[in-house]
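Asks: This structure is in structure tokens; I'll ask about it shortly.
Derivation of every value follows stated rules applied to the coordinates shown; laboratory data play no part. Please read these numbers as outputs of a predicted model, since none were measured by experiment. Positions of Cβ are backbone-derived with ideal geometry, glycine not excepted, and every protein chain shown enters the neighbour counts.
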Amino acid sequence: MTEREVALLLCDACGLEAPPAPDEELLESGLLDSLALIELLAALEDAGWQIHPTRVERSCFASVRSICALLNRIKTAGGNEA
């Protein structure tokens, strides 16, 4: 999944007008709160990714770039689940 695709999913999950920058802080800024994180995980699941939030570090959701890095690690490991 590309940074642009993740950013667009975040727009929907967080109710943003414009996609966040790849390195924009999502968690500490409050853009990605607990409800938005659940919505993001649901959108990723709809796209074929299964991410169990208790199995990954919170920091994996800190930015668009870190979310993409998580997805790439999952893909490299030969699956679509973390």
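Asks: For Leu70, all conditions in the list (1) part of a loop (DSSP other than H, G, I, E, B); (2) touching a helix residue (DSSP H, G or I) at 6+ places or on another chain (Cβ under 8 Å) hold save one; what is the number of the exception?
Replies: For Leu70, the exception is condition (1).
Rundown of residues vs (1) of a type in the set (Ser, Thr, Tyr); (2) surrounded by 12 or more Cβ atoms within 10 Å (Cβ to Cβ); (3) in contact with a Lys or Arg (Cβ under 8 Å, 6 or more places away or on another chain); (4) assigned to a helix (DSSP H, G or I), yes/no style:
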{"position": "Leu8", "(1), (2), (3), (4)": "no, yes, no, yes"}
{"position": "Cys11", "(1), (2), (3), (4)": "no, yes, no, yes"}
{"position": "Ala18", "(1), (2), (3), (4)": "no, no, no, no"}
{"position": "Pro22", "(1), (2), (3), (4)": "no, yes, yes, no"}
{"position": "Leu27", "(1), (2), (3), (4)": "no, yes, yes, no"}
{"position": "Ala36", "(1), (2), (3), (4)": "no, yes, no, yes"}
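Asks: Assess whether Leu32 counts as being in a loop (DSSP other than H, G, I, E, B) and under 10 Å from the mean Cα position of the chain (by Cα). Break it down stepwise before answering.
Replies: Values: in a loop (DSSP other than H, G, I, E, B): yes; under 10 Å from the mean Cα position of the chain (by Cα): yes.
So Leu32 passes the test.
Asks: Could you list all residues from the range 38-82 that are surrounded by 14 or more Cβ atoms within 10 Å (Cβ to Cβ), among the small types (Gly, Ala, Ser), within 21 Å of Arg4 (Cβ to Cβ) and in contact (Cβ under 8 Å) with a residue 24 or more places away in the chain?
Replies: Listed by number, the residues that qualify are Ala43, Ala62, Ser63.
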